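Only one structure is covered here, and it is reproduced in the block below.
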Amino acid sequence: MAFPLPSLLASIEDLLLEVQWLDGMILVTDSQRATFVSFSQVDPVLRRLRARPKGMEVAEKLCMSLLESHGKAASKPVLVFQGDGSFWLGMMSPSRSNPHRHHAIAHLHRCLAQSD
């Protein structure tokens with residue numbers, strides 16, 4: 001299934017850049033606002049998931065995604081709760097084409113060149 005909220009992709013990528021060194025997940029609820037949930041705060045999300053129809057399966061997949069991404073920095077599970085009870089779960093990483101990232105990398109190269 002394709003990502004259900006294309007209008008949120010930019011804000012999710014921005015959030016991924018902000019939290020890329022932290023372990024956790026990105027959660028989007030009916031507010032259609034992406035939030036970061038740290039690894040230590042995932043249990044309430046899993047409990048809510050398990051209480052919904054088909055939620056046990058999604059919670060299990062989310063747990064596996066969290067374990068796979070733990071310690072790998074930038075790549076994070078993204079869970080979208082939809083008002084009709086449907087879910088979308090996938091892995092996302094910050095966009096490599098982000099202009100802020102390219103600017104930061106160019107700055108680091110300039111700093112390294114000056115130190116030589």
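The values are calculated or read from the model by the stated rules, or taken from the named source; none is laboratory data. Predicted model, so just to flag it, every value in this text is computed and none were measured. FYI the Cβ positions are ideal-geometry reconstructions off the backbone, even for glycines, and counts take in every protein chain you see. Areas reflect the complete protein model, heavy atoms only, side chains present, ligands, DNA and RNA absent. Shrake-Rupley method; radii C 1.70, N 1.55, O 1.52, S 1.80 Å.
Quick notes on this one:
- Residues of the stretch 38-48 that are surrounded by 11 or more Cβ atoms within 10 Å (Cβ to Cβ), part of a helix (DSSP H, G or I) and modelled with pLDDT of 90 or more: 41, 45, 46, 47.
- Selection from the stretch 49-62 of residues that are touching a residue at least 24 places away in the same chain (Cβ under 8 Å) and open to solvent by 40 Å² or more (accessible area, probe 1.4 Å): 52, 53, 54, 61
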